[in-house]
Amino acid sequence: MLVAAHQLHYLPWLRYYHKIAAADLFVLLDDIQFEKNGWQNRNKIKGPQGPICLTVPVQNAFGEPINAVRIAANQPRWAEKHLRAFTMNYAKAPFFEEHRAFLEELYARSWEHLAPLSWEILRYTLETLGIRTPIVRSSELNVPGGATERLIGLCKAVGGDTYLTGAYALDAYLDADALAAAGLKLAIQEWQCPKYRQLYPSQGFVPDLCIFDLLFNEGINALEVLMAGGQVAG
């Protein structure tokens with residue numbers, strides 16, 4: 001069984017969804033340490049002047065696991081700003097109206113923690129794309145350790161025999177020898193963001209935006225476009 005894993009993110013990008021779709025089972029890393037100034041609480045959309053970063057403000061997140069991170073109470077208008085950014089920049093996208101009700105309901109809710117917000121977005125977008133890969137949260141598996149050691153434990157906990165990694169992780173921190181010694185095979189996600197229809201052609205094509213840019217512009221074709229951007233090399 002091919003297992004992939006990744007941190008829980010707010011408004012994930014296309015590569016994230018390709019990895020989930022390519023796996024037999026996906027482990028959602030919801031209990032690893034929150035990365036300050038990383039991408040766990042932000043991502044980009046496209047506007048008439050280029051990329052726009054949408055960030056969920058968090059409080060006292062240093063050293064906390066993602067599933068314990070609280071949204072900053074002193075910045076209550078962040079949700080209003082994110083909804084306005086989506087509406088102003090994508091109102092003319094061909095499939096925006098199909099998702100307007102979800103976004104309005106999402107940003108009308110009172111979110112106290114980052115993880116439930118990110119999970120609701122992931123749940124909705126996977127369902128919309130038609131990706132049905134089973135997902136298990138790492139916090140439910142009680143596997144100790146860090147880095148490669150924990151990934152090995154997580155794979156074994158869910159019955160996996162092959163781990164799907166991105167090329168960056170393989171170069172940066174993943175110990176391929178340790179995986180082999182543990183009896184696990186390694187598969188590599190080879191990915192290049194596919195070109196698709198976008199608004200604001202004067203800005204050129206902008207890769208690696210959040211998944212909603214693809215959904216708003218390609219609609220029913222979104223999954224086909226997404227899967228065209230990558231493959232799994234064993």
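Here are a few things to note about the model shown:
- Residue that is farthest from A4 (Cα to Cα) [pool: residues in region 153-204 that are surrounded by 13 or more Cβ atoms within 10 Å (Cβ to Cβ) and among the hydroxyl-bearing types (S, T, Y)]: Y200
- Taken over region 34-53, the criterion of being part of a strand (DSSP E or B) and surrounded by 18 or more Cβ atoms within 10 Å (Cβ to Cβ) is satisfied by N43, K44, I45, K46.
- Residue match in region 126-143 (condition: surrounded by fewer than 18 Cβ atoms within 10 Å (Cβ to Cβ), modelled with pLDDT of 95 or more, touching a helix residue (DSSP H, G or I) at 6+ places or on another chain (Cβ under 6 Å) and closer than 19 Å to A22 by Cα): yes
- With respect to the conditions (1) in contact with a Lys or Arg (Cβ under 9 Å, 6 or more places away or on another chain); (2) under 25 Å from L199 (Cβ atoms), L103 falls short on a single one, namely (1).
- Residue within region 123-140 that is under 20 Å from G234 (Cα atoms), within 19 Å of the chain's Cα centre (by Cα) and among the hydrophobic types (A, V, I, L, M, F, W, C) present: no
- Unique match (being touching a residue at least 40 places away in the same chain (Cβ under 8 Å), under 30 Å from S138 (Cα atoms) and in contact with a Lys or Arg (Cβ under 9 Å, 6 or more places away or on another chain)) among N67, N89: N67
- All positions within region 89-123 that are under 25 Å from Q75 (Cα atoms) and aromatic (F, W, Y): Y90, F102, Y107, W111, W119
- Residues of region 1-29 satisfying the condition of being part of a loop (DSSP other than H, G, I, E, B) and either crowded, with 20+ Cβ neighbours inside 10 Å or hydroxyl-bearing (S, T, Y) (or both): L8, H9, Y10, L11, P12, A23
So that you can scan it fast, the table gives a plain yes or no per residue for (1) of a type in the set (V, I, T); (2) farther than 27 Å from H18 by Cβ; (3) at pLDDT 95 or above:
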| site | (1), (2), (3) |
| --- | --- |
| R70 | no, yes, yes |
| R123 | no, no, yes |
| G166 | no, no, no |
| A169 | no, no, no |
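- Restricting region 54-63 to residues that are at pLDDT 95 or above and in a loop (DSSP other than H, G, I, E, B), the residue that is surrounded by the most Cβ atoms within 10 Å (Cβ to Cβ) is V56.
- Looking only at residues of region 82-97 that are touching a Leu at 6+ places or on another chain (Cβ under 8 Å) and not polar (S, T, N, Q), we find that the one that is surrounded by the fewest Cβ atoms within 10 Å (Cβ to Cβ) is K92.
Conditions (1) among the β-branched types (V, I, T); (2) assigned to a loop (DSSP other than H, G, I, E, B), marked per residue:
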{"position": "Q75", "(1), (2)": "no, yes"}
{"position": "K92", "(1), (2)": "no, yes"}
{"position": "F102", "(1), (2)": "no, no"}
{"position": "S118", "(1), (2)": "no, no"}
{"position": "T133", "(1), (2)": "yes, yes"}
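The values are calculated or read from the model by the stated rules, or taken from the named source; none is laboratory data. Here the structure is a predicted model, which is why all the values come from computation and not from measurement. Every residue, glycine among them, receives a Cβ derived from its backbone with ideal geometry; neighbour counts consider all protein chains shown.
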